[in-house]
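Coordinate-derived values only; no laboratory data. Source: prediction; values computed, not measured. Here the Cβ positions follow ideal geometry from the backbone for every residue, glycine too, while neighbour counts run over all protein chains shown.
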Amino acid sequence: ERAVYKGSLFNTYLLYEAGDDVYMIDQHAAHERLIFDRLKREMDERKVVRQPMLVPYILNLNAEEFAFIADNLEAIENIGFEIEEFGAGSFKISAVPLDLQDIDLAGFFDELLKEVGALRAVRLSDLLRDKIAMTACKHAIKGGMMLTDSEKEKLFEMLRGDMGLKCPHGRPIAVKLTKYEIEKMFKRIV
């Protein structure tokens, strides 16, 4: 059955009415999830859209960090970064994933490199997915920003019966109230 968008609360929670149910969706958590799912899908299909940077970013590294990035160039490129060696101890990044075009590169690589020792053992592609999730969260729409009508439709479509859906951080995206529960609150039924 069709859900009808009924408005928003506090510029953060979207209300939808579907039959005898009301859904409240946290637009920030849901939007993070949309970005995250799209990135993962694009990575799996090798179709990540890249956004060239106006000014390339130069990453200067110590020997251990340099070796780590060099070993994992392919994984980093698969996410949508265009990265290449640039002189001794440096890499040049000239494109980023379109979905993360506002990404704080210094912060992203700091986070990635701060556990270099521990990371050597880990399959980097798995780890990078988590990093992407977190980065997607940091760059997703914040509560209070406006969504387009088509995005509002999409958010609800995404939930289709899946009330267990979480944002990449693990927060719930939606809450459902039934007409029965609401009528009980108002003592219309006992």
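Taking the chain as a Gaussian network, Cα atoms linked when under 10 Å apart, which of L155, L59, L34 shows the biggest mean-square fluctuation?
Among L155, L59, L34, the largest mean-square fluctuation in the Gaussian network model of the chain belongs to L59.
Top mean-square fluctuation among P168, P52, P97, Gaussian network model of the chain, C-alpha springs under 10 Å?
Maximum fluctuation in the GNM of the chain, among the listed residues, is at P52.
Taking the stretch 1-92, which trypsin sites (Lys or Arg not before Pro) meet the DSSP loop condition and have no more than 11 other C-beta atoms within 10 Å?
On the way: sites: R2, K6, R33, R38, K40, R41, R46, K47, R50, K92; in loops: R2, R46, K47.
Listed in order of number, the matching sites are R2, R46, K47.
For the stretch 39-121, which chymotrypsin sites (Phe, Trp or Tyr not before Pro) are both in a DSSP coil and crowded by at most 15 other Cβ atoms within 10 Å? Working shown, then result.
Details: sites: Y57, F66, F68, F81, F86, F91, F108, F109; in loops: F81, F86.
Within the stretch 39-121, the qualifying chymotrypsin sites (Phe, Trp or Tyr not before Pro) (loop, at most 15 other Cβ atoms within 10 Å) are F86.
Using label points projected 7 Å from each Cα along Cα→Cβ, tell me how many nm separate I189 and N11, to one decimal.
About 3.8 nm separates the two model spin labels.
Checking the table K131/K176; K114/K138; K114/K166; K166/K187; K131/K166 against a 21 Å threshold on Cα-Cα, which pairs fail?
Details: K131/K176 30 Å; K114/K138 18 Å; K114/K166 27 Å; K166/K187 32 Å; K131/K166 16 Å.
In this structure, K131/K176; K114/K166; K166/K187 lie more than 21 Å apart at Cα.
Using +1 on the beta carbon of Lys and Arg, -1 on that of Asp and Glu, and nothing else charged, what's the dipole of the stretch 63-112 about the Cα centre, debye to 20?
Values: 1 positive and 13 negative charges, 28 e Å.
With only Lys, Arg, Asp and Glu charged at Cβ, the dipole is about 140 debye.
If one takes the longest principal axis of the Cα atoms in the chain, at what angle in degrees, from 0 to 90 and to the nearest 10, does the Cα axis of helix 149-159 lie?
So the inclination is approximately 90 degrees.
Between C167 and residues 5 or more places away or on another chain, which pairs have amide H atoms under 5 Å apart, with H built 1.01 Å from N, and which residues are they?
When sequence neighbours closer than 5 places are left aside, the close amide H contacts are I173.
Please tell me the relative contact order of the chain in percent, rounded to the nearest whole number, where contacts are Cα pairs under 8 Å and at least six residues apart. Could you put the intermediate results ahead of the total?
Values: 253 pairs, mean separation 56.2, N = 190.
Reported as a whole number, the value is 30 percent.
Residue by residue through the stretch 7-18, which ³J(HN,Hα) values in whole Hz follow from phi under the Karplus form 6.51 cos²θ - 1.76 cosθ + 1.60 (θ = phi - 60°), with glycine and proline marked x?
The phi angles translate into x, 10, 10, 6, 6, 9, 9, 9, 10, 10, 10, 9 Hz.
Return the sequence-ordered ³J(HN,Hα) values of the stretch 43-48 in whole Hz as given by the Karplus equation 6.51 cos²θ - 1.76 cosθ + 1.60 applied to θ = phi - 60°, using x for Gly and Pro.
Each residue's phi maps through the Karplus curve to give 5, 4, 8, 6, 10, 5 Hz.
222 nm [θ] for the chain, helices only, -39500 (n - 2.57) per DSSP H run of 4+, per residue, to 500?
Numbers: 8 runs with 80 residues, N = 190.
Result for the chain, helices only: -12500 deg cm²/dmol.
Among T148, T12, T135, determine the one that fluctuates most according to a GNM of the chain built with springs between C-alpha atoms less than 10 Å apart.
Highest fluctuation of the listed residues: T148.
Would you mind finding the longest exposed-site-free stretch of the chain, with exposed GluC sites (Glu not before Pro) meaning DSSP loop and at most 12 other Cβ atoms within 10 Å? Each step should come with its number before you reach the end.
Details: sites that count: E1, E45, E115.
Between the exposed loop sites, the longest stretch runs 116-190.
Only Cα pairs under 8 Å and at least 6 apart count here; give the relative contact order of the stretch 1-107 as a rounded whole percent. Don't jump to the answer; show the numbers that get you there.
Details: 137 pairs, mean separation 23.1, N = 107.
It comes to 22 percent, rounded to a whole number.
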